[in-house]
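*Asks:* Got a structure for you, written out below as structure tokens; questions coming shortly.
The values are calculated or read from the model by the stated rules, or taken from the named source; none is laboratory data. In this text, all values refer to a predicted model and were calculated from it rather than measured experimentally. Positions of Cβ are generated from backbone atoms using ideal geometry, with glycine treated the same way; all protein chains shown enter the neighbour counts. Calculation scope for accessible area: heavy atoms of the full protein, side chains included, ligands and nucleic acids excluded. Shrake-Rupley method; radii C 1.70, N 1.55, O 1.52, S 1.80 Å.
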Amino acid sequence: MDTEPAASQFPPNFLAFLKENHIDVDVYNVQKDLPRYVRILRFSQKSACEVCELVQQIRTDAKCDVSEVDGVPGFLRIANQDTKLSQLRAYVAGDIIGMDVSSGIAA
């Protein structure tokens with residue numbers, strides 16, 4: 001993944017503060033091309049075939065790769081972070097919601 005260097009965005013006095021406090025400026029780097037995540041609603045009630053069809057439909061609407069998240073049943077990774085959920089038929093139909101994976105694991 002590409003990152004945008006944080007050091008180029010900060011004033012010299014803030015960079016000095018980080019250095020004095022032994023804080024690596026790289027912790028402020030912003031990742032580009034982060035995926036979006038969605039949760040399939042009523043996942044346990046869907047057959048494997050229905051889930052495959054839903055993934056394919058989202059892939060078509062999003063015009064990018066969509067895959068299941070390993071180890072987190074009912075979560076999908078949409079490769080393009082610029083995908084608008086409101087443009088996905090599955091979202092409009094109430095079949096998915098946007099949710100980060102860590103919230104899904106905690107739930």
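*Asks:* Filter segment 66-107 for residues that are in contact (Cβ under 8 Å) with a residue 60 or more places away in the chain, open to solvent by less than 30 Å² (accessible area, probe 1.4 Å) and aliphatic (A, V, I, L, M) and give the result.
*Replies:* V101
*Asks:* Go through segment 70-81 and give me each residue that's within 10 Å of the chain's Cα centre (by Cα) and part of a loop (DSSP other than H, G, I, E, B).
*Replies:* A79, N80, Q81
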